Structure formats: structure tokens, C-alpha cells
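A.B. asks: Got a structure for you, questions after.
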Amino acid sequence: MSHERTLPPTGTVAGKGPGTGLSKRTLGVPALVFMIIAASAPLTVIGGGVPSNFAVSANLGVPLSFVLLGVCLALFAVGYAAMSSHIRNAGAFYAYISQGLGRATGVGASWVALVSYNAMQVGIYGLFGFALASFINGKLGTNLPWWAAALVGFVIVGWLGVNKVDLSAKVIGVLVAGEFLAVIVFDVISFAVSPEGVSGAGLAPSDLFTASIGAALSFSMAAFMGFESAAIYSEEAKDPKRSIARATYIAVGVISVFYAVSSWAMVIGTGPSHIIGESQKQGPDLLFNFLTAHGAVIVSDIAQVLFVTSLLAALIAFHNAVARYTFSLGRERVIPRALARVNSRHAPVAGSLTQSALALVLLAIFAIAGTGSDLGPLYPVLTFFTWLTNTGAFGLVLLLVMISVSVIGYFRKHRGEYSTWTRLVAPALSALTLGTVFVLIVVNFNVLIGSTGFSPLSVILPAIVVVPGVAGLLWGLRLKTSRPDVYLGIGYGGAPDLED
């Protein structure tokens with residue numbers, strides 16, 4: 001079958017010629033791992049996410065939940081890594097689903113991904129602004145509003161977004177190293193203090209498998225969001241055939257073990273009989289108060305600064321992800337081609353600026369809406385951060401399930417050298433386990449957004465993800481009939497595989 005048309009080469013801006021696409025062979029495995037871990041924000045998870053999980057779920061088995069989810073994501077990584085050696089596209093999820101489940105489904109998935117990654121990125125500004133403003137106000141006695149502090153991060157993220165990706169990687173590498181050091185110091189002190197002795201509390205199956213396991217797994221799953229982001233940089237990786245898979249496996253292993261050990265350390269350091277009560281009482285201050293009591297004020301201050309930079313690293317990582325999704329979709333003309341524009345530094349400038357504009361608008365909306373709120377200083381955390389990041393996690397877990405199924409579809413047509421385990425068994429188990437987690441998130445969504453009963457938001461927020469997905473699917477089907485030349489390039493970087 002012949003299709004006469006002009007398409008931009010893969011990796012270039014539509015219609016702009018070679019050499020104007022994303023940077024080639026820029027990122028090695030270490031840089032990719034740092035990008036992934038930065039998106040997961042280790043210190044933010046341990047300092048904020050884990051105490052919140054203990055407080056809301058009242059489940060002692062939070063440490064074990066990270067091990068269990070690590071196994072689920074390792075199963076996911078088997079097929080995901082295999083596909084990454086064949087498909088190199090900044091659209092990642094979008095490209096994988098397009099080639100595994102069909103182009104129209106891929107368009108729907110791409111719109112889900114855009115909404116989800118944007119929600120994750122923009123929502124983090126709420127916690128970043130709160131944390132930075134609280135630290136500055138506490139030390140200087142000022143009254144800096146959270147939104148003004150958030151704008152500081154906004155400027156830094158926006159500037160890095162229009163520069164070469166290796167600059168972001170270097171900044172992130174330094175920030176992530178600091179995060180790990182702070183949490184390791186906390187872990188060591190916790191095991192040394194151990195008021196009730198060192199035990200396996202928190203790691204026993206009986207601790208996790210209680211009536212509240214659904215809420216615990218839902219909270220813990222959000223801590224892994226961003227682990228899949230290596231594939232987004234496949235066009236900029238030094239050795240995309242191998243480095244994407246290696247970075248994903250390393251990141252999943254490091255994140256799951258690190259979170260399990262550190263949350264176990266929190267149980268031991270606080271005391272198994274007190275961890276839930278203290279988490280409900282202190283919330284995210286638990287880690288910092290612990291360091292002040294058993295370490296020194298300077299250690300706690302450093303940890304608080306690193307908590308802020310942890311959030312900044314996550315903001316940068318998710319901003320980069322959104323910019324590259326936008327670039328990929330613009331290049332393939334699924335959205336306006338102008339959004340595929342890159343600058344002289346090979347940064348996806350149009351996607352970056354678009355994401356920054358959206359973040360600024362939502363920042364302004366929540367800043368105005370929060371004026372005089374009864375929630376006080378916690379307003380940006382309990383609304384802006386909580387609502388948007390959990391909405392993003394909802395969408396990303398849905399995409400993980402779709403990817404697992406798409407692996408099976410892709411390797412039905414491209415068997416290659418892969419075993420039945422890689423092509424079928426592992427992705428099927430991944431779809432089953434992650435599908436279960438997704439159902440748990442849906443069932444416990446009101447809990448995740450801080451509602452004690454049914455809330456209209458538990459329907460509205462997931463709909464913000466699902467409705468664009470359905471609209472994207474319909475748009476993809478329309479392109480199939482109205483613009484078949486564009487449809488053929490969907491998920492293939494504008495260069496279709498005509499056998500599909």
C-alpha cells in the first residue's frame with residue numbers, strides 16, 4: 001500500500017528539517033535514573049507521604065506495601081523495558097499504546113497522559129510553596145504567602161525547561177543526592193534510637209493485610225509516580241536500546257527498597273505502638289521534629305531545605321515530561337504542529353512554555369480562591385497539592401494498566417527474540433496486579449483527597465482525566481477518516497510502520 005506524503009524525520013520538528021529536534025545521545029543511565037528518582041521525590045515521600053499514609057490508613061504495614069508494589073512494578077518493567085528497545089519516542093506511553101492497542105487508543109492515552117502529568121507537576125507547586133514559605137517565615141519572622149514562594153520555583157523550573165536537558169539532569173543529580181543523604185541520616189538515627197527495640201514491625205504480612213490495605217496501597221502507589229519516565233527521554237539517551245531498560249530496573253529497585261527501609265526506620269524510630277498516633281498528630285512534621293529531638297536543630301533545618309529542593313527536583317522532572325509529550329504530539333500533528341517547536345538548545349520550548357503558562361494560570365486560580373480560607377496556611381496542601389497530585393496518580397496508574405496490555409498486543413506482531421515470559425506472562429500479571437491497585441484507588445479516592453465521606457470531588461477529579469481520554473479516542477477515530485496521512489504517523493514519530 002502506498003502513501004504519498006511528506007513527513008518530518010523522526011526526532012525533528014515538523015517541517016523544520018534535521019538537527020532541530022531534541023538533543024541526541026545526551027543522557028546516560030545515571031542521568032536517567034536521577035530523572036526518574038527525582039520525579040518520585042524520595043524526601044517528599046518519606047517526610048510527607050509516609051506519615052500521611054500511616055495517619056490516614058492507620059495501617060502499620062506501610063513498609064511492606066512498598067515491597068509489594070515494587071514487585072508489581074518490576075513485572076511491569078519486564079515488558080515495558082522490552083518495548084523500549086524497539087520504540088524510541090518522546091511520547092513514551094502514547095507511542096507504546098498506539099503501537100500495541102491501536103492509534104486511536106493511543107491518542108486517547110496521550111490526552112490522559114498530558115492531563116495526568118500536568119496535574120502531578122502543577123499540584124506539587126502547592127506543597128512547594130507551603131514548605132518554602134513556612135521555612136522562610138519561621139526563620140526570618142516574615143509573612144511570605146505560599147503563592148509567592150511557589151513563584152520562585154516556577155521561575156527556576158521555567159528557565160531550566162527551555163535549556164538543554166543535560167543541565168536539568170545535573171541540577172537534579174545534585175538535589176537527589178542531597179535527598180538520599182538526609183533520609184539516610186534519619187534512618188541511622190531512627191535505628192539507633194529505637195525506643196521499643198528493632199523488630200520486624202511494619203514488614204509482617206499481618207501488619208499490611210488488614211481492612212485498610214486498600215488505602216495503604218493507594219497512598220504508597222502515588223510515591224512511585226514518575227518511575228516510568230525514562231522512556232520519555234529515549235530520543236535523548238546515549239544508548240536508548242539498553243539504557244532505558246537499565247534505568248527503569250535500577251530506579252524501581254532503588255525506590256522500592258529505599259522507601260521500604262526508610263518507612264520501616266520511621267516505625268522503629270517512633271515506636272510501632274506510637275507511629276500511627278504520632279503520624280496523625282504531627283503529620284509531615286514528624287521527620288523534622290524527630291531530627292530536632294534526636295539530632296540537632298541544624299540537621300532538621302538542612303532536612304527542611306532538602307525537602308524543599310526535593311519538591312523542586314520533582315517539579316523539574318515532571319515539567320520535562322510534559323514538555324516532551326507535547327513535543328511528540330505536535331510533531332505528529334495530533335495537536336497543533338507549532339507545539340513541536342524546539343529552540344537552538346534542542347529543548348522543546350513550545351511544550352515547556354505551554355506547560356509553564358498552564359501552571360501559572362492554576363497557581364493564580366488557587367491563590368485567589370484560597371484568600372481568607374478557613375484552612376489557613378494548610379490550604380495549598382489540602383487542596384491544590386492533594387487534589388491535583390492524586391488526580392495525576394489516578395491517570396498514570398490507568399496508563400500503566402493500558403501499557404501492560406499494549407505490551408501483549410505489540411509482541412503478538414513483533415515476537416523477535418523474546419520469551420513467553422516477556423511477551424505474555426509478565427505483562428499479563430502486571431495488568432492484573434496494577435489493575436487491582438487501580439480499582440483500590442478508585443474505591444479509596446475520597447480518602448486520598450482528605451474527605452471523610454462521599455465528596456463530589458471524588459467523581460469530578462477522576463472525570464478530569466477520563467473525559468479527555470474519551471475525547472482523544474474520538475479525535476483519533478476522526479483523524480482516521482478525515483486525515484489518514486496524520487493518522488498513519490500517530491505513535492511513530494510521524495513515520496508510520498505501514499504493516500500496522
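The values are calculated or read from the model by the stated rules, or taken from the named source; none is laboratory data. From a predicted model like this one, the values you see are computed outputs, not experimental measurements. Here the Cβ positions follow ideal geometry from the backbone for every residue, glycine too, while neighbour counts run over all protein chains shown. Surface accessibility is based on the protein's heavy atoms, side chains included, excluding ligands, DNA and RNA. Shrake-Rupley method; radii C 1.70, N 1.55, O 1.52, S 1.80 Å.
A.B. asks: Being out of contact with any helix residue (DSSP H, G or I) (no Cβ under 8 Å at 6 or more places or on another chain) and of a type outside the set (Val, Ile, Thr) is the filter; apply it to the stretch 455-466 and report the residue that is least open to solvent (accessible area, probe 1.4 Å). If you could, list the steps in order and put the result at the bottom.
C.D. replies: Residues of the stretch 455-466 that are out of contact with any helix residue (DSSP H, G or I) (no Cβ under 8 Å at 6 or more places or on another chain), as a first pass: 456, 459-460, 463.
Of the ones still in play, those that are also of a type outside the set (Val, Ile, Thr) are 456, 463.
Numbers: Pro456: 82, Ala463: 36 Å².
Here the residue is Ala463.
A.B. asks: List pairs: first in the stretch 341-360 and among the aliphatic types (A, V, I, L, M), second open to solvent by 60 Å² or more (accessible area, probe 1.4 Å) and assigned to a helix (DSSP H, G or I), Cβ under 7 Å, 6+ apart or cross-chain?
C.D. replies: Ala350/Ala338
A.B. asks: Within the group Gly158, Gly79, which residue is of a type outside the set (A, V, I, L, M, F, W, C), farther than 24 Å from Val342 by Cβ and outside any loop (DSSP other than H, G, I, E, B)? Explain how you work it out, then say what you get.
C.D. replies: Values: Gly158 fails: farther than 24 Å from Val342 by Cβ.
After ruling out the rest, the residue left standing is Gly79.
A.B. asks: Can you go through Ala265, Ala260 and tell me which one is surrounded by fewer than 24 Cβ atoms within 10 Å (Cβ to Cβ) and over 21 Å from Phe93 (Cβ atoms)?
C.D. replies: Working: Ala265 fails: surrounded by fewer than 24 Cβ atoms within 10 Å (Cβ to Cβ).
On inspection, the qualifying residue turns out to be Ala260.
A.B. asks: Output the residues belonging to the stretch 338-378 that are touching a Pro at 6+ places or on another chain (Cβ under 7 Å) and closer than 15 Å to Ala150 by Cα.
C.D. replies: Within the stretch 338-378, the first condition is being touching a Pro at 6+ places or on another chain (Cβ under 7 Å), and the residues that meet it are 342, 366, 370.
Those that are touching a Pro at 6+ places or on another chain (Cβ under 7 Å) and closer than 15 Å to Ala150 by Cα: Phe366, Gly370.
A.B. asks: Could I ask something else about it? Could you check how many residues of the stretch 115-160 are closer than 30 Å to Ile403 by Cβ and surrounded by 24 or more Cβ atoms within 10 Å (Cβ to Cβ)?
C.D. replies: 14
A.B. asks: Report yes if Ser85 is open to solvent by less than 10 Å² (accessible area, probe 1.4 Å) and among the small types (Gly, Ala, Ser), otherwise no.
C.D. replies: On the way: open to solvent by less than 10 Å² (accessible area, probe 1.4 Å): no; among the small types (Gly, Ala, Ser): yes.
Considered against the rule, which asks whether it is open to solvent by less than 10 Å² (accessible area, probe 1.4 Å) and among the small types (Gly, Ala, Ser), Ser85 comes out as no.
A.B. asks: Filter the stretch 286-305 down to the residues that are over 22 Å from Val174 (Cβ atoms), part of a helix (DSSP H, G or I) and free of Cβ contacts under 8 Å to residues at least 12 places away in the same chain and list them by number. Walk me through it before giving the result.
C.D. replies: First, the residues of the stretch 286-305 that are over 22 Å from Val174 (Cβ atoms): 286, 289-290, 292-297.
Right, trim to part of a helix (DSSP H, G or I) and you get 286, 289-290, 292-294, 297.
Hits for the stretch 286-305 are Asn289, Thr292, Ala293, Val297.
A.B. asks: Take the stretch 202-212 and flag every residue that is of a type outside the set (S, T, N, Q) and open to solvent by less than 40 Å² (accessible area, probe 1.4 Å).
C.D. replies: As a first pass, look at the stretch 202-212 and keep what is of a type outside the set (S, T, N, Q): 202-205, 207-209, 211.
Hits for the stretch 202-212 are Gly202, Ala204, Asp207, Leu208.
A.B. asks: Oh, and also: Identify, by number, the condition in (1) over 23 Å from Leu396 (Cβ atoms); (2) assigned to a helix (DSSP H, G or I) that Asn446 doesn't meet.
C.D. replies: All conditions are met except number (1).
A.B. asks: How about the stretch 467-487: which of its residues are closer than 30 Å to Gly49 by Cα, β-branched (Val, Ile, Thr) and buried (at least 17 other Cβ atoms within 10 Å of the Cβ)?
C.D. replies: Just the residues of the stretch 467-487 that are closer than 30 Å to Gly49 by Cα, to begin with: 467-469.
Filter once more, so that each one left must be β-branched (Val, Ile, Thr): 467.
If the condition is that a residue be closer than 30 Å to Gly49 by Cα, β-branched (Val, Ile, Thr) and buried (at least 17 other Cβ atoms within 10 Å of the Cβ), then no residue fits.
A.B. asks: If you don't mind, there's one more thing I want to ask. Would a scan of the stretch 131-154 turn up a residue that is β-branched (Val, Ile, Thr) and under 25 Å from Ser352 (Cβ atoms)?
C.D. replies: Within the stretch 131-154, the subset β-branched (Val, Ile, Thr) is 136, 142, 152.
This time we only want the ones that are under 25 Å from Ser352 (Cβ atoms), so: 152.
Within the stretch 131-154, one or more residues are β-branched (Val, Ile, Thr) and under 25 Å from Ser352 (Cβ atoms).
A.B. asks: Right, next: Which condition number does Gly416 fail, the rest of (1) part of a helix (DSSP H, G or I); (2) open to solvent by 50 Å² or more (accessible area, probe 1.4 Å) being met?
C.D. replies: The number of the failed condition is (1).
A.B. asks: Tell me, which residue of the stretch 271-285 that is in a helix (DSSP H, G or I) and out of contact with any Phe, Trp or Tyr (no Cβ under 7 Å at 6 or more places or on another chain) is nearest to Gly47 (Cα to Cα)? Talk me through it step by step, then tell me what you get.
C.D. replies: To start, the set of residues in the stretch 271-285 that are in a helix (DSSP H, G or I) comprises 275-282, 285.
Imposing the further condition that a residue be out of contact with any Phe, Trp or Tyr (no Cβ under 7 Å at 6 or more places or on another chain) reduces the set to 277-278, 280-282, 285.
On the way: Gly277: 16, Glu278: 13, Gln280: 13, Lys281: 14, Gln282: 11, Asp285: 8 Å.
Looking at residues that are in a helix (DSSP H, G or I) and out of contact with any Phe, Trp or Tyr (no Cβ under 7 Å at 6 or more places or on another chain), I get Asp285.
A.B. asks: Can you find a residue that is more than 20 Å from the chain's Cα centre (by Cα), in a loop (DSSP other than H, G, I, E, B) and more than 14 Å from Gly491 (Cβ to Cβ) anywhere in the stretch 87-109?
C.D. replies: No: zero hits.
A.B. asks: Give me the pairs, please: first residue somewhere in the stretch 41-53 and in contact (Cβ under 8 Å) with a residue 12 or more places away in the chain, second residue anywhere and open to solvent by less than 10 Å² (accessible area, probe 1.4 Å) and hydroxyl-bearing (Ser, Thr, Tyr), beta-carbon distance under 6 Å, and either six or more positions apart or on two chains.
C.D. replies: Ala41/Ser310; Leu43/Ser310; Thr44/Ser310; Ile46/Ser262; Val50/Ser263; Pro51/Ser279
A.B. asks: Go through the stretch 323-345 and report how many residues are buried (at least 21 other Cβ atoms within 10 Å of the Cβ), outside any helix (DSSP H, G or I) and in contact with a Gly (Cβ under 7 Å, 6 or more places away or on another chain).
C.D. replies: 2
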